[in-house]
Amino acid sequence: MVLSTNHVAFAHRRVDGGESHVRIVIVDDAGTGALTLGRVVVEGADFVLAQPDTCSTTTLTPRATCTIGVIFKPLSIGPRTGRIRIISNAANSPRFVTLTGVGLALPTPTPTPRPTATPRPTATPRPTATPRPTAAPRPRPTTPPAPQHGPSTAINVDPPIVSFGSQAVIGSQAVNGQGGSRLVTLVNTGSAEAQFGQVAINGANPNDFVVTNDTCSNKILNHNDQCYIQVAFKPTASGHRKAHIVVPGGPGSIPLRGTGRS
């Protein structure tokens, strides 16, 4: 059993400020036999199991994957910790994924100012002598106002570079199949919506990397929405192998790196 990550770190969130966006953990049956999973358990009162959860009480065939969703909903201020517990028939069971986040205090409401008393009317002043006209002041040059920028998109990529390490190959087939899976998460941190096109893999060795799961293609992300791309490494030759993920309308290219061993 291989996990896409051993640690999920959530952004800071206010206490009772609602739920965070769902973060995804992928479980990969990287062995040669069936992987039978028990019920997935999230430990820690500040974290909640969410959909998609396709792993609980599921049996995976070799090279198959399933997903676990988890959200952060802090109940107290300060650093919060928890973990996901995954039980299976694998030799390394149980497996754990650490969960961390920080709860922030709610803002203190500003008190409403008291109304002020109505001032008493003042006596009408006596008319004063008409002043002599003064010379008109010379107009000073004014600085034009700065241009106003509209809403913009900003895509956060985690991780920014996807590294697979080394994987043995024989001919054009990788030993033990694909060299594990990696999950790339894209979050729209900007103020405008982002519209993605079809995800593709380009570069020097595009046939060595495979998109096995993709929720980003032809997707519209509003502010703070996220999607993910799961990629596997299947080297066809020895040596350093590289390519990149292309997301039209997104963050540009996301580098992929791996090494094939003879």
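Observations on the structure shown:
- Qualifying residue in the range 82-96 (condition: open to solvent by 30 Å² or more (accessible area, probe 1.4 Å) and closer than 20 Å to Gln230 by Cβ): yes
- Residues in the range 191-212 that are surrounded by 14 or more Cβ atoms within 10 Å (Cβ to Cβ), within 19 Å of the chain's Cα centre (by Cα) and assigned to a strand (DSSP E or B): Ala194, Val211, Thr212.
- Near pairs, Cβ below 8 angstrom, 6+ apart or cross-chain, from the range 1-19 (farther than 15 Å from Gly82 by Cα) to any residue that is crowded, with 16+ Cβ neighbours inside 10 Å and among the polar types (S, T, N, Q): Met1/Ser88; Val2/Ser181; Ser4/Ser181; Ser4/Gln230; Arg13/Ser20
- Counted residues, the range 147-190 - those being open to solvent by 40 Å² or more (accessible area, probe 1.4 Å) and at pLDDT below 65: 11
- Restricting attention to the range 50-73, the residues being open to solvent by less than 40 Å² (accessible area, probe 1.4 Å) and either closer than 14 Å to Leu37 by Cβ or among the aromatic types (Phe, Trp, Tyr) (or both) number 10.
- Looking only at the range 213-235, residues that are surrounded by fewer than 20 Cβ atoms within 10 Å (Cβ to Cβ), touching a residue at least 40 places away in the same chain (Cβ under 8 Å) and of a type in the set (Gly, Ala, Ser) come to 0 in all.
- For Arg114, the criteria (1) modelled with pLDDT of 70 or more; (2) under 23 Å from Tyr228 (Cα atoms) hold in every case but one, which is (2).
- You will find that of Thr54, Thr36, Thr58, Thr67, the residue that is within 17 Å of the chain's Cα centre (by Cα) and at pLDDT 90 or above is Thr67 and no other.
The values are calculated or read from the model by the stated rules, or taken from the named source; none is laboratory data. Just so it is clear, the structure is predicted and the values come from calculations on it, not from any experiment. No Cβ is skipped: glycine too gets one built from the backbone with ideal geometry, and neighbour counts run over all protein chains shown. Each accessible area value is taken on the protein alone, full model and side chains, heavy atoms only, with ligands, DNA and RNA left out. Shrake-Rupley method; radii C 1.70, N 1.55, O 1.52, S 1.80 Å.
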